[in-house]
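Let me begin by presenting the structure, written as structure tokens, before commenting on it.
The values are calculated or read from the model by the stated rules, or taken from the named source; none is laboratory data. This is a predicted model, so every value here is computed, not measured. Here the Cβ positions follow ideal geometry from the backbone for every residue, glycine too, while neighbour counts run over all protein chains shown. The protein model used for the area step is the full one, side chains on, heavy atoms only, and it has no ligands, DNA or RNA in it. Shrake-Rupley method; radii C 1.70, N 1.55, O 1.52, S 1.80 Å.
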Amino acid sequence: MLKTIFTILALSLANIAFAQAPSLELNKCFADKTTGKDRKDLARWFFASMATHPEIRDMVNAQAGIADQTSRTMGELVTRLFSEDCAKESQAVFLAEGGNGLDKSFETLGQLAMREIMSNSEVVATFTNFQRYIDQGKINSVINQK
């Protein structure tokens, strides 16, 4: 009985590892085949898309057509990655996981793009600027409450 349980567990773990392998390969390919410019283009597309939200658009003075321009650039990047640079890896993920697996790998690429942007010292300074307005006393009173 114990041997059967271990066999089932081992097969389950092997299936999990096998299912993740194509995604890991595609993620690696995306990282290897994109440049800093590609990742900045992705971040620009993301930002331009977010800037169309009614509650955000008043904060951004984007030029007319910038959303379409960044969308075109993203379309070209995605086409290149999935059909040329990482075609073999994309196909393997699609066969193993379907479109959801491709979406997950694209999310990973988005994370790479955000790391690229977040590594800029001016961006870091702006993101940490809110700390000046934290009332540490109020936070400490909640944390230290017994």
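Can you find a residue that is over 20 Å from the mean Cα position of the chain (by Cα), of a type in the set (A, V, I, L, M, F, W, C) and open to solvent by 40 Å² or more (accessible area, probe 1.4 Å) anywhere in region 27-46?
Checking region 27-46: not a single residue is over 20 Å from the mean Cα position of the chain (by Cα), of a type in the set (A, V, I, L, M, F, W, C) and open to solvent by 40 Å² or more (accessible area, probe 1.4 Å).
Just to be sure before I move on: is GLN111 within 23 Å of LEU26 (Cα to Cα) and either in a helix (DSSP H, G or I) or open to solvent by less than 50 Å² (accessible area, probe 1.4 Å) (or both) in the structure I sent?
yes
On the basis of being assigned to a helix (DSSP H, G or I), out of contact with any helix residue (DSSP H, G or I) (no Cβ under 6 Å at 6 or more places or on another chain) and hydroxyl-bearing (Ser, Thr, Tyr), does SER90 make the cut?
Working: assigned to a helix (DSSP H, G or I): yes; out of contact with any helix residue (DSSP H, G or I) (no Cβ under 6 Å at 6 or more places or on another chain): no; hydroxyl-bearing (Ser, Thr, Tyr): yes.
Against the criterion (assigned to a helix (DSSP H, G or I), out of contact with any helix residue (DSSP H, G or I) (no Cβ under 6 Å at 6 or more places or on another chain) and hydroxyl-bearing (Ser, Thr, Tyr)), SER90 does not qualify.
If a residue has to be in a helix (DSSP H, G or I) and more than 20 Å from the chain's Cα centre (by Cα) to count, how many in region 47-87 make the cut?
Summing the residues that are in a helix (DSSP H, G or I) and more than 20 Å from the chain's Cα centre (by Cα) in region 47-87 gives 7.
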